[in-house]
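I have placed the structure first, in the form of structure tokens, so that the comments after it can refer back to it.
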Amino acid sequence: MAGSLPDSKPNAQTPSSCPIVCGGARLLSWAALRVPHALRAAALLLVTLVAAAVYNAATPFGIPWGPSPDNRVGIPRVFESRLPQIDAAKALSLYEAGEALFVDSRDEDDYERDHIPGAVSAPMRRWAEIWPDIESEFPRDRLLVLYCYGAHCGLSTRQGKELLRQEYGKLVVLDYGWSAWTDHGHPTVEHPEGHPGEAEGEH
Amino acid sequence: MRMIGRIITHRVFLRLAGLIVGGVFVYASWDKITQADRFADIVHDYDMLPLVFVNAFALMMPWTELVVGATLIVGVWRRASGLLATALTASFMVAIAQAEIRGLDIECGCFDVSGMSGTEASWDLFVRDIALLLGSVLLWRRA
């Protein structure tokens, strides 16, 4: 027949015999040739959105799509209620009652310069390296008050997440950290030379 | 020059480029997907996005890496994947450059987000990303 393809097969499935499969295949082959790659890129993004949403809903460490009500990011849903923030006044009452262990998440240099009396140094930036050595200093039956630098410092929150992963149950984060503590004039230990043990003085 | 053009647009070369660039993206995606909360912390450290977008970006970006990497490896929709790979790599380079210029001392978050790698955002990584960008652009424009 004039105009027919030379390799067309007389026994090939016709649309009437496979309306869905053949129609779908034709649509895909048409799309593959004609749909611009930018549109295909958009389709791939749609696939990633669906995959991310499904996985995030299913995994135990899934995170919300936006910040938490107290404007923190990166906190798994299962940890949201287990990592509360406290203000400096509440932290002071815990300090005075001697009920809590204060944990300084800042870098070692800053801890050595000054810190909350009785606080242990646990610099979060070196967490993976130091944790095996300091784990014994972290009692599981005592409340841990984590603090770092200030408003935008997420080090304490990250440390809290790591401790929750280690199944520590009693944790709070000092909101605004060290800056809130010192702004309120709460007691500190200073080491002017930068070395604990030398010229130590409590203020 | 024409010879180089023929080589890099040869289908075998493009296939190889797809496997390498795709493999890098798939490898880079896994840790971020399984530890989205830690990756969100790193995204926050780069200080480029409004807080409201940080978690959403941390959830979407690794899956984009995975899908783009998988399609490049399989060889499906390579131009579309190349376009996305180019956009992703360019955004990585912008993020690293601004972190270096502002003097931010932060973890890269490129392949490992657990804090164990100790890899910081640096100009070395920026240079490495140039190679990834060239491969991505090639796949986008010539595949």
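The values are calculated or read from the model by the stated rules, or taken from the named source; none is laboratory data. Nothing here was measured: the structure is a model prediction, and the numbers come from that model. Glycine gets a Cβ as well: all are built from the backbone with ideal geometry, and neighbour counts include every protein chain shown. Just the protein is used for accessible areas: all its heavy atoms, side chains included, with ligands, DNA and RNA removed. Shrake-Rupley method; radii C 1.70, N 1.55, O 1.52, S 1.80 Å.
Overview of values
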read-out	value
Rounded if a/c under 1.5, otherwise prolate or oblate - the range B:63-142, Cα gyration tensor axes	prolate
Surface accessible to a 1.4 Å probe, per residue, for the residues of the range B:75-143, Å²	48
Residue order for B:Ile42, B:Ile7 - accessible surface, 1.4 angstrom probe, largest first	B:Ile7, B:Ile42
Magnitude of the charge dipole, the range A:82-145, Cβ model with Lys/Arg +1 and Asp/Glu -1, debye to 20	340
Per DSSP, loop chymotrypsin sites (Phe, Trp or Tyr not before Pro) in the range B:23-113 with at most 15 further Cβ within 10 Å	B:Phe111
Cα gyration tensor category, rounded, prolate or oblate, for the range A:103-147 with a/c compared to 1.5	oblate
Solvent-accessible ranking of A:Val21, A:Val73, largest area first, probe 1.4 Å	A:Val21, A:Val73
Euclidean distance of C-alpha centroids, the range A:81-138 and the range B:13-38, integer Å	37
Other-chain or far-sequence residues with amide H under 5 Å of A:Ile86's (modelled H)	A:Val173, A:Leu174, A:Asp175
Count of lysine pairs in the protein assembly as shown with Cα separation under 26 Å (8 or more residues apart, or interchain)	4
Shielding by partners - mean other protein chain Cβ count within 10 Å, residues of A:43-53	6
For the range A:159-167, 3J(HN,Hα) per residue [Karplus equation, 6.51 cos²θ - 1.76 cosθ + 1.60, θ = phi - 60°, Hz, x = Gly/Pro]	5, x, 5, 5, 5, 5, 5, 8, 6
Helical mean residue ellipticity (222 nm; -39500 (n - 2.57) per DSSP H run of 4+; nearest 500) of chain B	-26000 deg cm²/dmol
Solvent-accessible surface ranking, highest first, for B:Glu65, A:Glu112 at 1.4 angstrom	A:Glu112, B:Glu65
All-pairs Cα distance distribution in the range B:49-101, expressed in whole percent, bin size 5 Å	4, 18, 21, 24, 17, 10, 5, 1
Highest-first arrangement of A:176-184, A:98-106, where packing means the average Cβ count within 10 Å	A:98-106, A:176-184
Shielding of B:26-34 by partner chains, average beta-carbon count, 10 Å	1
Under-5 Å amide H pairs with A:Phe102, H placed in peptide plane, nonlocal only	A:Val120, A:Val145
